[in-house]
Every structure is written in structure tokens, then in C-alpha cells.
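The numbers here are math on the coordinates, done by the rules we state, and not lab data. Quick caveat: nothing in here was measured; it's all calculated off a predicted structure. Note that each Cβ is placed from the backbone with ideal geometry, even for glycine, and that neighbours are counted across all protein chains shown.
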Amino acid sequence: MKIQQLAIFLQNKPGHLSGICKTLADNDINIVTLSLADTQQFGILRVIVKEWELAAQKLEEAGYLVQLREVVAVEVDDEPGGMHKIVEIIGAANVNIEYVYAFTFHKSSRAVLVFRFDDPDKAADALREANINVLAEIELFG
Amino acid sequence: MNKKPLIENVFWQREEECMPKDQLRALQLQKLRALVARVYASVPAYTRAFDVAGVKPENIKSLDDIRKLPFTTKSDLRENYPLGYLAIPRREVVRFHGSSGSTGKPTFVAYSKSDMDNWANLCARFLYSGGLRPGMTAQVSFGYGLFTGGFGLHQGIERIGAAVLPASSGNTARQLMLLQDLRADYLICTPSYALHLADGIQSGIIDRSSLNLKGMFLGSEPWTENMRTRMEEGLGIYIENNYGLSEIMGPGVSGECAFRNGMHIAEDHFIVECINPETLEPVAEGETGELVFTTLNKEAFPLIRYRTRDISRLKYSHCPCGRTSVRMSRITGRTDDMLIIRGVNVYPSQIESALLAIPEASPHYMIEVSRPKHMDEVTVHIELKPNSMVDSISELNVIRDRICAGIANITGLRMKIHLEPPNTLERFEGKSRRVKDVRTLKD
Ligand SMILES: [Zn+2]
């Protein structure tokens, strides 16, 4: 139930981000969601796409520094307390959250949270036990 | 300092190499006075230079008086192209060599019969000390040509009585084939080829048992102690460092002993000084500076106080091997590349050696010096290796901080570190500089 996410090292230079998007577009790869973390000197672009193997290959060929990471995508009710419930389950399972970002699922009005855990398997198990909808690739990419 | 020998401690010319210090200094003074008288009389370029400096041969009464003599530089050699410094009749020359200039024509050096004999012995000194013995085979992967590396080492190997395999430079696949098929005991090559070989063995491309290699003699390019450790571990061999430059003779000017406490300079053949390249005054003992050599025995092409542009340190302390000569540290840079940052001398090679200790850092870097608000500021751009972990800001910050601390440790300066993706910095060939100095000097 884990999803492959691409992390791409970004230079804080004009054109670097658009170059990545162009490489993906040129190969007909649709971005499901992306998140950008940056500092003054560099940034990390995190991207979820269906064709992650092809995307990683094409981006590496284009000279980008790419790393694949397993993340867990969870569907939550778009209402107060939705996020809190999940964080509690994860805390009880003794798993650490390295980062999290959210997006709205295109098929419904529900929100999807993407988590990077230090132990993705343990986190996914704990979430499923608590009846949280952990999304598989098939659901996410349709 | 190493107190135990790493290999057998032996001498090629024990009497000369272990001469008591007072006797060595007396010999140097006697030879220096004869040299100064000879070049003043027979080399017009020196007659002029001595006259301009207002010094006569009879003014040289002690070894310290060498400082009254003018320096000789690479551009002096160029101005007196091709053989303005030749000190013997042309018909007595038995060999020419040359060194490539970064611009246009090479500079030439010449050797007499006796110069060739001395050169072979000086190469044999470091080869023998590094483990080469009669009956062994040494593969020479330096170019045979004007460059002194190939022919210089060749003569030293022959002098010892070992077999020479003159592979010459280039074609790494053929080098490896020769090494495997003729089972050379020693390889003489550049540090970059040695690294290539070590990587090939570590990654399983080359089978270690197909080689009979016991050791290597590396030279002709700057390299670091970290590189030696990596290669000695990767290849399971002993690697000796030696130093030389064509203007002074070629390889054999200095080489390591079995205790590896720096490279012993053949002081019975050369007088060495270590100077501040800005003030031209001698640096304090053990301090970093530019090496300056005076050749005491060369008949054909003697040079007075030749400025090497090579940066090193001299150690006069006792070495347990028994040699009495001064030792020099490995070359840590060239004065051409030297940067003065907030009054501190910094060499790009120092940054290079700091980067070698960081697994995520590639050897590709670029140094940018600027002066915002009257304070020098250095930014080092470093490419990450292609397989680096990049999904965590905090991990990347840790890499950045480790590079910063490593550089500060070696240079004493804190520099700004910019991590860059692979293959984004300009690639440099040969002597080009990796430094962009955009300081504008304002009063
Ligand atoms: Zn010694």
C-alpha cells in the first residue's frame, strides 16, 4: 500500500523547476501532486506520478538528481479533527513522521495526505487496523 | 611522526644520504661557492642578474648568503629561450628535456654525462627506498618524450638492476593488459591512473589476483593523503610519494623513506629554501611556503634559487630512518592558484582534500570569492554525487555543515557552501583554475 514518490534536488535558480515540469510533460507524464520544500540555497521537489519509473529515468537522463522514496497516502475526511486522528494513531504505533503534505483528490471532495514515515510498513499497518483508508496506487492513479 | 618503518629501511647511497649534518652543510657551502663563480663566468644571464643585484661570487661566504643571490623564474627561462642558461659547450650535452608551458613553446633543460649519472642515482634512491629490488619488474606509465618523468624513472630502474617495462602513457586498457600479462611488481604512474585502477578492483571489474603488484610510485600530479589511504586499502599495496621538476632535474629531487615522514630532499645535490611568495622572505621553520631550489652538481643547466611555484613545508627535525636531509611535505598547491582570503593563504587543493572525506561530495567544485562590505567572502559550489540522498532538507544541511567544518579544519576559514546537482558545474582540464575571484578592490 505504499506509493513511490520522486524527490528531486532543486537549485534555487530560475528555470530549474520549469525544466523538470517540461521533462515530465515531454514524456506525457501527468503530475498527480507535488510539494516543494526549500531553503535559501536549494530545494526539494516531491512529485507523485503514475509512471514513476519512467519519470525517474527521464529526469536522471536530463541530468537531475532524483531519489525514489516510499510514502503512504491516506484519505481523510475534509472536516475538523481529520488530521488529528491520524497523527494519534501514528504516535501510538511509535512511528515518526518525516514530512507530510496534502492535496485534494480529483475523484471526490476528500483530501489526501501524503506521509513520509521512518517506518512506512508499520505506519500503514497501524492505519489500516484503525480503519483509515490507505490508498493503493490503483486508487490514486485510477 | 612515524616511529616505525612501514617497509624495510634501506639506502641506495648510504654515505651521501646519511652524511652528518655539519659535513653536509660544509659540502653545500663549498659547492655553492664553486657554482656561483662558475655561472657568473659562463652564463651571461647570471652575469647580468648578479650585477643588477650587486652581488659578486666572493660575497658568498656562508650558506645564508644565498639570500643575496637573485631568484630565477620560469619567465627568466622563457626570456632566455631556448638555451640561455646552458653552462657547458653544446657538444658536451648528452640529453635534452623540456616542460610544456601553458602558453606556446616549452622550456628546455640539458644534461651532461655526469648529470645523467647523478640523475639515475637520485631516482634509484627513492625507488630502492620504496621497495624496488634487482630482479623485479617496474612498469613505467609516464610519457617518454620531452617530459622528464618517463626517461628519468627508466634510468633509475635500470640503475637498480630491475627490469623496465616502458609502457609509456595513455590507453588504460593496454596498461592493464601489460600489468596482468607481464606481472610487474611496481607501477609508476600518475595518481589519477592509480585511482582508476583501485576503483576498477574495488568495483569488481578487475580481479586483484590477476595482478602481481607490490607497490606504486606516484608523482607528476598533486594528490592527497586521503587518496593514498584509499588506494593502499583498495589495492593492498605500498605507495611511495616522490617529487621532482624538470627545471631542477626531473624525478629524484626528493622521495619518501620507509618511515614516511615527508620526502627527503637530496641535499647533497640541492639547496632548498621555503619562502613567502609575497614578501620573498624565508618562512618560519615548518610553515607553508614556496619551494626554491639551487642545483649544486648540475654541469649543463645549473639554476640559482629557482622558484618552483610549488607550495610545501620543510621539516628539519630528526628522522628515525638515519637520513640527515631535510624533508618536504607533499605539494599542497601552486602559488599560481593561491588565494589570499582575509589575509590567510588558501589553496584550492586544501578544499579538494576536505571534499575527499565527504562521501556525498563529488570532486567537482568551484570557488567564488567576493568582497561584499569590505570583507572577503568565499562560496564553494560543490556538486553532489549522482546517487546522493536528496529527500530530506535536514540531511542535506548535515552534508553542507560537514563540508563547511572539513574546509574550516584545513584552511582555518569558514566558507559558504552551496550544494549543486551533478553535472552542473563547468569541467576543468589540466591547469585551468576553479576559482572565480570577483573581488573589487576599493580603498
Ligand atoms: Zn626518513
Exercise. For region B:15-72, which trypsin sites (Lys or Arg not before Pro) are in a loop by DSSP, counting at most 14 other Cβ atoms within 10 Å?
Worked result: B:K61
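Given an 8 Å cut-off on Cα distances and at least 6 residues of separation, report the relative contact order of region B:310-443 as a percent. Please list the in-between numbers first.
Values: 202 pairs, mean separation 30.7, N = 134.
Answer for region B:310-443 is 23 percent.
Anything in chain B that counts as a DSSP H helix reaching 24 Å or more along its axis (C-alpha) with Kyte-Doolittle mean of at least 0.0? List them, would you? Walk me through the intermediate numbers first.
Working: long enough: B:21-42 (31 Å, -0.13); B:113-129 (25 Å, -0.46); B:393-411 (27 Å, 0.62).
Long hydrophobic helices here: B:393-411.
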Exercise. List the cysteines of chain B that have no other Cys Cβ closer than 4.7 Å: which are they?
Worked result: B:C18, B:C123, B:C189, B:C274, B:C319, B:C404
Problem set entry | Within region B:1-38, GluC sites (Glu not before Pro) in DSSP loop having at most 16 other beta-carbon neighbours inside 10 Å | B:E8
Problem set entry | region B:190-225-region B:72-121 distance, computed between alpha-carbon centres (Å) | 32 Å
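By counting other Cβ atoms within 10 Å of each Cβ, how are B:Y186, A:Y101 ranked from fewest to most?
Working: B:Y186 27, A:Y101 18.
Arranged by neighbour count, lowest to highest, B:Y186, A:Y101 become A:Y101, B:Y186.
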Exercise. Among A:F115, A:F105, A:F42, which one moves the most in a GNM of chain A with springs linking Cα atoms closer than 10 Å?
Worked result: A:F42
Exercise. Between B:M116 and B:R342, what length comes free when the chain is fully extended (0.36 nm per residue of separation minus the Cα-Cα distance, one decimal in nm)?
Worked result: 76.8 nm
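Counting other beta carbons within 10 Å of each Cβ, put B:M389, B:M231 in order, fewest first. Numbers along the way, then the final one.
On the way: B:M389 15, B:M231 23.
Going from sparsest to densest Cβ surroundings: B:M389, B:M231.
Rounded if a/c is under 1.5, else prolate if a/b is larger than b/c, else oblate: which is region A:71-141, with a ≥ b ≥ c the root eigenvalues of its Cα gyration tensor? Mind showing how you got there, number by number?
Values: a/c = 1.69, a/b = 1.38, b/c = 1.23.
Since a/c reaches 1.5 and a/b is larger than b/c, the shape of region A:71-141 is classed as prolate.
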Seminar exercise, completed: For B:E15 and A:T39, extending 7 Å from Cα along the Cα-Cβ vector and measuring point to point gives, in nm, a value of 6.5 nm
Exercise. Pick from B:Y193, B:Y306, B:Y243: which residue has the top mean-square fluctuation in a GNM of chain B where Cα pairs under 10 Å get a spring?
Worked result: B:Y193
For this session: List the extent of the Cα atoms of region B:142-288 along each of their three principal axes, largest first, rounded to whole Å.
Result: 51, 30, 26
Exercise. Name the GluC sites (Glu not before Pro) in region A:1-80 that are in a loop by DSSP and that have at most 16 other C-beta atoms within 10 Å, would you?
Worked result: A:E51
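Rounded to the nearest 500 deg cm²/dmol, what is the calculated helix-only ellipticity per residue at 222 nm for the protein assembly as shown, with -39500 (n - 2.57) per DSSP H run of length n ≥ 4? If you can, show how the numbers build up before the last one.
Numbers: 16 runs with 180 residues, N = 585.
Counting only the DSSP helices, I get -9500 deg cm²/dmol.
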For this session: Specify the inter-centroid distance of region B:131-167 and region A:68-90, based on alpha-carbon positions, in whole Å.
Result: 70 Å
Exercise. Taking chain B as a Gaussian network, where each spring joins two C-alpha atoms under 10 Å apart, which residue of B:S75, B:S42, B:S353 fluctuates the most?
Worked result: B:S75
